[in-house]
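Q: First the structure, which I've put down as structure tokens, then a few questions once you've had a look.
The values are calculated or read from the model by the stated rules, or taken from the named source; none is laboratory data. This structure is a prediction, so every number in the text was calculated from the model and none was measured. Every residue, glycine among them, receives a Cβ derived from its backbone with ideal geometry; neighbour counts consider all protein chains shown. We work out accessible area using only protein heavy atoms, side chains counted, and drop any ligands, DNA or RNA first. Shrake-Rupley method; radii C 1.70, N 1.55, O 1.52, S 1.80 Å.
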Amino acid sequence: VVRQIMTCLGFIEVMNFTLINEAVHYEKMRLKARNVIKLANAVSAEYTILRESLLPSLLKNLMDNKHESFPQLLFEVSDVGKMNQKVETRCERRLHIAGASSHSTANFTEIKSYVEALLHNLGLRRWEIKQGKHPSFLEGRTATIYLKRKQLGVLGEIHPEVLNNFELENPTSAFEIDLEEIL
């Protein structure tokens with residue numbers, strides 16, 4: 001259902017590996033590595049950890065396809081891994097959705113309207129979008145998504161440093177939602 005809604009909103013689905021490396025996942029996104037799920041015997045330097053977010057992979061997709069025409073609207077519905085809060089030695093699989101819009105006028109209002117359309121079409125009624133902070137997004141143009149006081153995800157305009165790290169020239173706005181909190 002989520003995939004159908006996103007496709008109807010004009011997004012193109014991508015499918016990425018659940019493995020990534022720390023440089024792309026943390027450094028390029030301006031994030032601090034914490035509770036990283038590392039592979040014991042990584043075969044490649046490109047795939048050394050289990051991702052805990054879909055956004056780095058989406059931005060890498062945009063970087064790899066910057067020669068294509070714009071606007072580019074991409075989304076992914078896939079698994080991420082997180083360390084269990086109660087049992088730190090246990091990994092937990094979570095289903096997320098992330099979307100990104102990249103073009104010359106991509107902004108906070110646009111991505112917020114896509115998120116609102118997604119949540120509305122999922123039949124959710126008591127969600128809130130409140131101002132928030134996240135290192136990968138511009139301060140003042142970032143929001144946190146809540147459902148019944150539970151944090152679902154984040155949305156906003158990607159920080160210029162992150163855009164530079166991924167060699168993106170166009171403004172980009174994006175969101176990520178933990179679908180496990182909805183289902």
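Q: Compute, for residue 27, the solvent-accessible surface of its heavy atoms (probe 1.4 Å) with the complete set of protein chains present, and express it in square angstrom to the nearest 10.
A: Approximately 130 Å² of residue 27 is accessible to the 1.4 Å probe.
Q: Between residue 79 and residue 131, what FRET efficiency follows from the Cβ-Cβ distance if R0 is 35 Å, with the result rounded to 0.05?
A: Numbers: r = 29 Å, r/R0 = 0.83.
Approximately 0.75, to the nearest 0.05.
Q: Run the quick spin-label model on residue 65 and residue 35: label points 7 Å from Cα toward the beta carbon, then report their separation in nm to one decimal.
A: Each label point is offset 7 Å from its Cα along the Cβ direction, giving 3.1 nm.
Q: Which one of 173, 121, 103 is farthest out on the positive end of the charge dipole of region 88-183, using unit charges on Cβ (Lys, Arg +1; Asp, Glu -1) and the Cα centre as origin?
A: 121
Q: From largest accessible area down, sort 70, 137; use a 1.4 Å probe on the protein chains. Before the final figure, lay out each step's value.
A: Values: 70 80, 137 5 Å².
Ranked from most to least accessible, the order is 70, 137.
Q: Within region 136-159, find all residues whose amide N lies under 16 Å from a label point positioned 7 Å from the Cα of residue 179 along Cα-to-beta-carbon.
A: Correct set: 152-154.
Q: Could you derive backbone 3J(HN,Hα) for region 18-30 from the dihedral phi with the Karplus parameters 6.51, -1.76 and 1.60 (θ = phi - 60°), listing whole Hz in sequence and x where the residue is Gly or Pro?
A: Computed from phi, the couplings for region 18-30 are 7, 9, 7, 10, 5, 4, 6, 6, 10, 4, 5, 8, 6 Hz.
Q: For region 141-149, take each phi angle, set θ = phi - 60°, evaluate the Karplus expression 6.51 cos²θ - 1.76 cosθ + 1.60, and give the result in whole Hz per residue in order, putting x for glycine and proline.
A: 10, 10, 9, 10, 9, 10, 9, 6, 6
Q: How would you rank 117-128, 101-112, 171-182, highest first, on the average number of other Cβ atoms within 10 Å across their residues?
A: Details: 117-128: 13.9, 101-112: 17.6, 171-182: 21.1.
Order by mean packing, descending: 171-182, 101-112, 117-128.
Q: For residue 148, go through the lysines and keep the ones whose alpha-carbon is under 19 Å away, minus same-chain ones fewer than eight residues off.
A: 112, 130
Q: What is the dipole size for the chain, taken about its Cα centre, with +1 at each Lys and Arg Cβ and -1 at each Asp and Glu Cβ, in debye to the nearest 20? All intermediate terms of the calculation are to be shown ahead of the outcome.
A: Details: 23 positive and 23 negative charges, 168 e Å.
In total the dipole reaches around 800 debye.
Q: Also, quick follow-up: If you roll a 1.4 Å probe over the heavy atoms of the protein chains, what accessible area per residue do you get for the chain, in Å²?
A: Each residue of the chain exposes 56 Å² on average to a 1.4 Å probe.
Q: Any idea what the alpha-carbon Rg over 2.2 N^0.38 Å comes to for the chain?
A: Details: Rg = 15.7 Å, N = 183, 2.2 N^0.38 = 15.9 Å.
Cα Rg divided by the expected 2.2 N^0.38 Å: 0.99.
Q: Then there's this: How high is the relative contact order of the chain, given as a whole-number percent (alpha carbon pairs under 8 Å, six or more residues apart)? Each step should come with its number before you reach the end.
A: Numbers: 359 pairs, mean separation 40.2, N = 183.
Dividing the mean separation by the residue count of the chain yields 22 percent.
Q: Right, here's the next one. Past the 25 Å Cα-Cα mark, which pairs from 28/150; 82/150; 60/133? Please report the intermediate quantities before stating the final value.
A: On the way: 28/150 28 Å; 82/150 17 Å; 60/133 22 Å.
Too far apart for the 25 Å limit: 28/150.
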